[in-house]
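Contents: one structure, followed by commentary.
The values are calculated or read from the model by the stated rules, or taken from the named source; none is laboratory data. Small disclaimer: the values here were computed from a predicted structure and weren't measured. We place every Cβ from the backbone using ideal geometry, glycine too, and count neighbours over all the protein chains shown.
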Amino acid sequence: MKLQILVVAGDGIGPEVTGEAVKVLQTVAELGGHDFTFREAPIGGVAIKAHGTPLPTATLDLALESDAVLLGAVGGNEFNSLTPDRRPEAGLLQLRQALGGFANLRPAFAFSALTQNSPLRPEVIDGADILFVRELLGGLYFGEPRAWDREANSAWNTMRYTSDEVTRVARIAFQLAASRRKKLTSVDKANVLEVSQLWRATVTEVAKEFPEVTLEHQYVDACAMHLMNTPRNFDVVLTENLFGDILSDESAVITGSLGMLPSATIGGKINLYEPVHGSAPDIAGKSLANPLGAILTAAMLLRHSANLEQDAQAVEAAVKTVLTEGYRTPDLARGQSGPNVLNTQTMGRHVLRTLTESIDRNQALHAV
Ligand code: NAD
Ligand code: IPM
Ligand code: MN
C-alpha cells in the first residue's frame, strides 16, 4: 500500500498531537510493509506569521497532490481581533472547500475504561456509540450574503442549503447507518427555519432508498438534551454544519474529554482527517495535550484512505488497552496525579508499544 500523506499540524497543540498520530501511522507502515510518505506544510496562525496568509498556495498545492491530509488544529488568541476571512480558521475552511469532502464523520464512543471520567453517570453512558455525520461545506459557514456593516452596526450570515447538498450527505449517513445499528436521527430546526424544512423534506426523501434504516427527526435544542440524557438511544446523527459543530463537542462529555474525539471528512477529492478539538491555547506547548483523538483520527485515515481496516481496528484496540491499563493524560485524570498520568509523548509511546505487540502477534499467527 502506497500513500502520500500531507501533515498540516497548525497551531497550539496541533503539532504535539499530530506528532503522535504520525508515529502511529509510521509504525503501521513499517510493520505492514507499506510505503507511507509524509510531507509537512504550514496552515493557520503559523502560516499567517511565515507567509501572511492562513492557507499558502504551496500548502494547498501539496494537499491537492496528496492521498490524504492530516490536520492538527488552527487558531490562537493573538488572532482573535482579525476578521473571519483573515483568521487562522479561514485557512482550514478554505482547505476543506478545496479538498471537497462534505461528510464529516465524528464518532463519539464511550470507552468502558473511561465511564468514570464523564460527569454523566456510568450507567447512562455505558455502551454509547454515536456517529455524527456533520455536513461540512454548506450552511452558515459558507452561505452568501455575509457581512458586517460597521456603519449600520449590523452583521449577517446566511444559512443556505440546496437539496442536492443535503441529498449527498444524507446518502452517506444512511449508508453508514445501514452498516451499523440501522437508526438515523436527523437534526434540524424545522419548526423555525425554511432551510431546515428543506433539510427535513430531503432527508425524508432519501430515507426511501434505505428502508432497512429507521429515520427519526429531532429539533436541535431537544437533541442537545437527549444526547446527554439518553446517549445510548442514538446511532447515526445527521445534521448541518453548525449544529454538527456544536453537538459533536457536546458529545465529548460522553467520552470524558474533547481530546478523545477523532474525525474524517469524506466524499470529496481528498479525505481530510482532523481531531475534533482545537488548538487549546490554555495547554499548548506543555506536553499536556491528549493525543488519543489525533491517534484515533489516524485510525480513521487507515480505514478510509488506506483500506487497512485491520490496522485501523488494531490502533483503536491499542487505545482501548492503554486506557484499560489505567493510563491517563491530565484531561482524563481530572485533577488527580500519579505515575499513571502521562504527558502527550509518553501516552503516544504506550499506544505504540501496545500496537506493535498486537501487530507482531497477528503476524506471528498468520505465519503459522
Ligand atoms: P479547544 O478545542 O481548543 O479547547 C477547548 C478546551 O478543551 C480547552 O480547555 C482545552 O485545553 C481542552 N482540550 C482541547 N483539546 C484537548 C486535548 N487534545 N487534550 C486535552 N485537552 C484538550 O477550543 P477553544 O479553546 O474554544 O478554541 C481554541 C482555538 O482553536 C480557537 O482559535 C478555535 O477557533 C480553534 N479551533 C480549531 C479547530 C480545528 O483546527 N479543527 C477546532 C476547534 C477549535
Ligand atoms: C471544528 C472547528 C472548526 C469548525 C473551526 C476551527 C473552523 O470548530 O472543526 O469543529 O467550526 O468547523
Ligand atoms: Mn468545533
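Worth pointing out:
- Region 155-177, residues that are in contact with a strand residue (DSSP E or B) (Cβ under 9 Å, 6 or more places away or on another chain) and among the small types (Gly, Ala, Ser): ALA155, ALA170, ALA173, ALA177
- Top-ranked residue of region 326-345 - restricted to ones that are loosely packed, with under 15 Cβ neighbours inside 10 Å and either in contact with a strand residue (DSSP E or B) (Cβ under 7 Å, 6 or more places away or on another chain) or without any contact (Cβ under 8 Å) to a residue 60 or more places away in the chain (or both), ranked as nearest to LEU292 (Cα to Cα): ASN340
- Test: residue in region 260-277 that is more than 12 Å from ligand 2 (Cβ to nearest atom), assigned to a helix (DSSP H, G or I) and either of a type outside the set (Asp, Glu) or assigned by TED's automatic domain parsing to the domain that holds GLU165 (or both): yes
- Any chance VAL17 is within 21 Å of ALA298 (Cα to Cα) and within 16 Å of ligand 3 (Cβ to nearest atom): yes
- Restricted to region 280-368, the set of helices (runs of 4 or more DSSP H) holding at least 2 residues that are under 20 Å from LEU25 (Cα atoms) comprises 292-304, 309-324, 344-367.
- Residues of region 68-89 classified as without any contact (Cβ under 8 Å) to a residue 60 or more places away in the chain, within 11 Å of ligand 2 (Cβ to nearest atom) and either of a type in the set (D, E, K, R) or not in a helix (DSSP H, G or I) (or both), total: 2
- When the test is whether a residue is polar (S, T, N, Q), closer than 13 Å to PRO107 by Cα and within 14 Å of ligand 1 (Cβ to nearest atom), THR329 does not pass it.
- Residue selection: GLY267 satisfies the criterion of being more than 16 Å from ligand 3 (Cβ to nearest atom), surrounded by fewer than 24 Cβ atoms within 10 Å (Cβ to Cβ) and under 24 Å from ALA68 (Cα atoms).
- Residue among LEU261, LEU227, LEU272 that is within 16 Å of ligand 3 (Cβ to nearest atom), touching a residue at least 60 places away in the same chain (Cβ under 8 Å) and over 16 Å from the mean Cα position of the chain (by Cα): LEU227
- Residues satisfying the stated conditions in region 326-341, i.e. under 20 Å from ALA21 (Cα atoms) and over 23 Å from the mean Cα position of the chain (by Cα): VAL341
- Against the list (1) of a type in the set (Lys, Arg); (2) within 11 Å of ligand 1 (Cβ to nearest atom); (3) touching a residue at least 40 places away in the same chain (Cβ under 8 Å), the condition LYS286 fails is (3).
- Scan of region 233-250 for residues that are within 16 Å of ligand 3 (Cβ to nearest atom), touching an Asp or Glu at 6+ places or on another chain (Cβ under 9 Å) and assigned to a strand (DSSP E or B), ordered by number: THR239
- Number of positions in region 7-58 that are polar (S, T, N, Q) and in a helix (DSSP H, G or I): 4
- Screening LEU247 with (1) surrounded by fewer than 21 Cβ atoms within 10 Å (Cβ to Cβ); (2) outside the structural domain of GLU316 (by TED's automatic domain parsing); (3) within 16 Å of ligand 2 (Cβ to nearest atom) gives one miss only, at (1).
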